[in-house]
Amino acid sequence: MPERASLSGIGVCPGVAAGPLLRLAGAPVLPPPVPVGDAGAETVRAYGALAEVVADLERRAARAAEATVAEVLRAEATMADDEELRDAVREHVEAGADAPHAIAAAFGTFRELFAAAGGHLAERVADLDDLRDRSVAVLLGLSMPGLPPPGHPYVLAARDLAPTVTADLDPEQVLALVTEVGGPTGHTAILARALGLPAVVACPGVLEVAEHTLVLVDGATGRVEIGVDEETVAAARLGSASSVGSAGDGAITGPGGTSDGVPVRLLANVGSVRDVPAADRAHAEGIGLFRTELLFLGRTSEPSRGEQVAAYRDVFRAMAGRRVVIRTLDAGADKPLPFLHQDEEPNPALGIRGLRVARSRPGVLTTQLAAIADAAAACGAEVWVMAPMVSTLTEATEFAAAVYEAGLPKAGVMIEVPAAALRAAELLRAVDFLSIGTNDLSQYAFAADRSRGDLADLLDPWQPALLRLIEICGDAGRETGKPVGVCGEAAADPRLAPVLAGLGVSSLSMSPRALPGVRASLARYSYAECRRLAELAVVAPDAASARGLIG
Ligand code: PEP
Ligand code: MG
């Protein structure tokens, strides 16, 4: 790669940031074995690596904002700080192995034992692999797999970001995200918007950029300038500092609505209580999507009912006096959860995901609903519950029955599958509200994988076919008088907001950063104008023409 070059991808979260680029480190490759002269010294070297891994995990556990993350990290540290493991390493060194190979072999033995034992122990195999990779990386002088901890802000480059990595991501350290793959509604994009980080996805070549090269990322245009100078970095830093306060300054606040006062509730999407302050700063009227997956990520066993109650209650209490729409577990496909032990599927996005998990594991849903009901009691928030990936009236009816059975007053379903959108009116007879997940609804309506950047044109929320599906839901909402919201990424597009309102959508839920822009855009149009724009957008020949309707 030439010293000064530029790459381009899809900008998924606007903003400009610059700084040294560091990669999400992958697993190290074991080099060929080398002969060992002094077995004692080599054993000390191997023990040193294990100790460094333990210390690093403990440091990260102490820093973790989430109790769950801290617990997982501490459990890993305990596994690496094990007498039997050290004995096995020493034996391998004494038999002639160098430190990296001795460590790999020792972990390999435990791995086999754990896998053969099955059950809970077999679930820890992934942890052993992670510990082996970390220790070997230390011995080889490489970064440990995962997020780099350089102690200064940096631009993170990765092939893609797994949801588990996101639990660790510190927005104070990471200036921007650039991934080689990914699409506009994939998880990197959602995470970036939630954290307000400039982000570019589907950016080929980014993994070939030498680490520590200064880069400038433009999350609006999708351009990544490689080899910029210190002045550019300083200017970008000043620019972002001055734009931080300005998002809300002088912008309108208060409940969302059209210029003539037709209300459109503006709500926030959150993943844990950590996101609530940002929702407050954006004057969100409530939470329209509380994604509960975070608590379950990376877990090899199901979080207990008590643990779930605590996590949900934190959010409900922080939102006392407002509405929180909590979504039951959306596992599977792009959100694999180890504790479910799901079989490999040829088409995971079309398989057992979302509410479908309850077919084989009904207990996971009933425990979660019971935990939500416990947490909702006397918390002061108005708690509504919805299910992801609902396709039929039968599923909606059964889910609503389970919600009421748990003692919760309001049950809704997400509209993410075209079959459900087409039957919105029937579904609304069985449930209290609908929430349209446009990320998945686009994916399934256009048969286009949401994580593929090269299909971004099909995943464009302005696609008239998607708008038509939304219109069917909006009409059903108007007929029944029940709320129909949008909580997918389409809700964060300020120009689309009046169109969605015109289609009959009564609330928009988005990452808090997007809220001021959406509020201001909606307030520029009367309800009659919104309806007219919606009518035109639905019959537009293509997404670009629909988008062109809004000046
Ligand atoms: C969606 O599909 O639009 C949605 C909000 O759910 P998620 O992005 O979590 O799949
Ligand atoms: Mg979805």
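Here is how the numbers come out for the structure above:
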read-out: Point-to-point label distance, residue 341-residue 293, nm (Cα→Cβ direction, 7 Å offset); value: 2.3 nm
read-out: Percent of beta bridges antiparallel (DSSP, the chain, rounded to nearest 5); value: 35 percent
read-out: Linear extension gain, residue 495 paired with residue 221, 0.36 nm per residue minus alpha-carbon span; value: 96.9 nm
read-out: Whole-Å distance, taken between Cα centres, linking the range 504-539 and the range 450-477; value: 15 Å
read-out: Additional length obtainable on full extension of the chain from residue 454 to residue 129, 0.36 nm per residue less Cα span; value: 113.7 nm
read-out: Whether the range 442-551 is rounded, prolate or oblate, judged on the alpha carbon gyration tensor where a/c under 1.5 counts as rounded; value: rounded
read-out: Percent accessible area from carbon and sulfur atoms, the chain, protein chains only, probe 1.4 Å; value: 55 percent
read-out: Cα-based shape type of the range 375-445, given that a ≥ b ≥ c are square roots of the gyration tensor eigenvalues and the cut on a/c is 1.5; value: prolate
read-out: Total charge dipole magnitude, the chain, about the Cα centre, Cβ charges on Lys, Arg, Asp, Glu only, Debye to nearest 20; value: 2080 debye
read-out: Residue list for the range 182-199, given a label point 7 angstrom along the Cα-to-Cβ vector of residue 274 and an amide N cut-off under 12 Å; value: 195
read-out: Global form of the range 308-358, assessed from the alpha-carbon gyration tensor, a/c cut-off 1.5; value: prolate
read-out: Cα-based equivalent ellipsoid of the range 9-74: semi-axis lengths in Å, sorted from largest, via gyration tensor; value: 35, 22, 10
read-out: Residue 401/residue 39 FRET efficiency (R0 56 Å; Cβ-Cβ; nearest 0.05); value: 0.25
read-out: Label-point separation in nm, residue 208 to residue 112, each point 7 Å along Cα→Cβ; value: 4.1 nm
read-out: Value of [θ]222 nm, deg cm²/dmol, for the chain, DSSP H segments ≥ 4, -39500 (n - 2.57) each, nearest 500; value: -13000 deg cm²/dmol
read-out: Bins of 20 Å, starting at 0 and running to the largest distance - Cα pair percent for the chain; value: 20, 52, 24, 4, 0
read-out: Pairwise FRET efficiency - residue 524 versus residue 83, Cβ, R0 = 51 Å, nearest 0.05; value: 0.15
read-out: Residue 237 versus residue 159: modelled label distance in nm, points set 7 Å from Cα along the beta carbon direction; value: 3.3 nm
read-out: Rg over Rh, two decimals, the range 69-131 (C-alpha only, Kirkwood Rh); value: 1.00
read-out: Cα-centre dipole for the range 408-533 with unit charges at Cβ (Lys and Arg positive, Asp and Glu negative), debye to 20; value: 440 debye
read-out: Whole-number percent relative contact order across the chain, with pairs defined as alpha carbons under 8 Å at least 6 apart; value: 15 percent
read-out: Accessible surface, the chain, averaged per residue in Å² (probe 1.4 Å); value: 41 Å²
read-out: Computed FRET value (nearest 0.05) for residue 429 with residue 539, which takes r as the C-beta separation and R₀ as 22 Å; value: 0.20
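The values are calculated or read from the model by the stated rules, or taken from the named source; none is laboratory data. Quick caveat: nothing in here was measured; it's all calculated off a predicted structure. Glycine gets a Cβ as well: all are built from the backbone with ideal geometry, and neighbour counts include every protein chain shown. Heads up: the accessible areas ignore ligands, DNA and RNA and are worked out on the full protein's heavy atoms, side chains in. Shrake-Rupley method; radii C 1.70, N 1.55, O 1.52, S 1.80 Å.
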